[in-house]
Amino acid sequence: MPEHPAVELTVDAVLAPLLPARARRAARLRVRHEEHATAGHVVQAAGVPLTEVGPLTVDGAPASPGDRLPPGAALHAGAVIRPEAVPAGGFLLDVHLGSLARRMRLLGLDAAWSAHADDPDLVVRARAEDRVLLTADRGLLMRRALPRGALVAGAGADEQLTDVLDRFRPALAPLTRCTACSAPLRTVAKEEVAAGLPEGTRRSCEEFSRCTGCGRVYWRGAHAARIDDLVRRSTPPPG
């Protein structure tokens, strides 16, 4: 029987780990040609969300995700070009990235997060608030209704933070947002918050901030050294 026509997909090395195991070493996958399949469909069917893809080419010519593929086409997917711009609404993180959200907020980034948001909720909020959704869930990034997303790499929150900062290079404003709700902080006089402070804090601290959203009060406490270290490691050198 004659062999079915195929499409050969190749990807940049950074995308190879997203391919099926048999194709990762060569960063190459041969798939059956489907008459109505687009470049974007072939890439995502191979396990690579389009959020992670930059330039596409078909037979060496620039292509878009909606382009139909001829039989025997050679499709190449490049990695997303860094840095990416952050949308006006900021970031939105899925339920598994709470620790990363807290670190991002410590650096002054608008990082929305809820422990109770399901996938449809996240997509709706990303659209409504013009946010880029950060997640390690490839399936979530493949939802058609999602306007912007990014696959977060890293074994823990520190590695994930490094990846996000490299991908977006956002402007940082450390210690200006609430770690609980992400709303901005404002400096307040000690007299405004003294009644609710622990006795030891009233004696030893003079500078305070209060969240403009949930009202939480902040001061330099026992974790200040660890926070300072995070800020130092995350802030790019001048120039």
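All of the numbers you see were taken from the coordinates with simple rules; none came from a lab. Predicted model only: the values in this text are computed from it and were never measured. Note that each Cβ is placed from the backbone with ideal geometry, even for glycine, and that neighbours are counted across all protein chains shown.
Label 7 Å along Cα→Cβ of Arg125; the range 67-96 residues with amide nitrogen under 13 Å? Residues 90-96 qualify, since their backbone N sits under 13 Å from the label point. Spherically averaged projected area of the convex hull of Cα atoms, the range 43-171: 8.3 nm². As a ratio to 2.2 N^0.38 Å, the alpha-carbon radius of gyration for the range 111-239 is 1.28. Across the range 153-173, no residue has a backbone nitrogen under 14 Å from the label position 7 Å along the beta-carbon direction of Arg232.
Averaging the sequence gap over all C-alpha pairs within less than 8 Å and six or more residues apart, then dividing by the number of residues, gives the range 43-191 a relative contact order of 26 percent. The angle between the Cα long axis of helix 157-168 and the longest principal axis of the Cα atoms of the chain comes to about 70 degrees, rounded to the nearest 10.
Comparing the range 111-185 with the 2.2 N^0.38 Å rule of thumb, its C-alpha radius of gyration ratio is 1.15 (two decimals).
Take each peptide in 37-49, 184-196, count the other Cβ atoms within 10 Å of every residue, and average; sorted highest first, the result is 37-49, 184-196. Multiplying the residue separation of Ala21 and Ala153 by 0.36 nm and removing their Cα-Cα distance gives an extension gain of 45.7 nm.
Please give the net charge around Pro17, taking every other residue with its beta carbon less than 14 angstrom from that of Pro17, where Lys and Arg add +1 and Asp and Glu add -1. After counting each charged neighbour, the total is +2. Comparing Cα centroids, the range 26-71 and the range 146-219 end up 41 angstrom apart. The largest-to-smallest principal axis extents of the Cα set in the chain are 86, 35, 29 Å.
With a Cα-only, solvent-free Debye model of the range 179-239, what are the log10 I(q)/I(0) values at q = 0.12, 0.14, 0.20 Å⁻¹? These q points yield log10 I(q)/I(0) values of -0.37, -0.49, -0.87.
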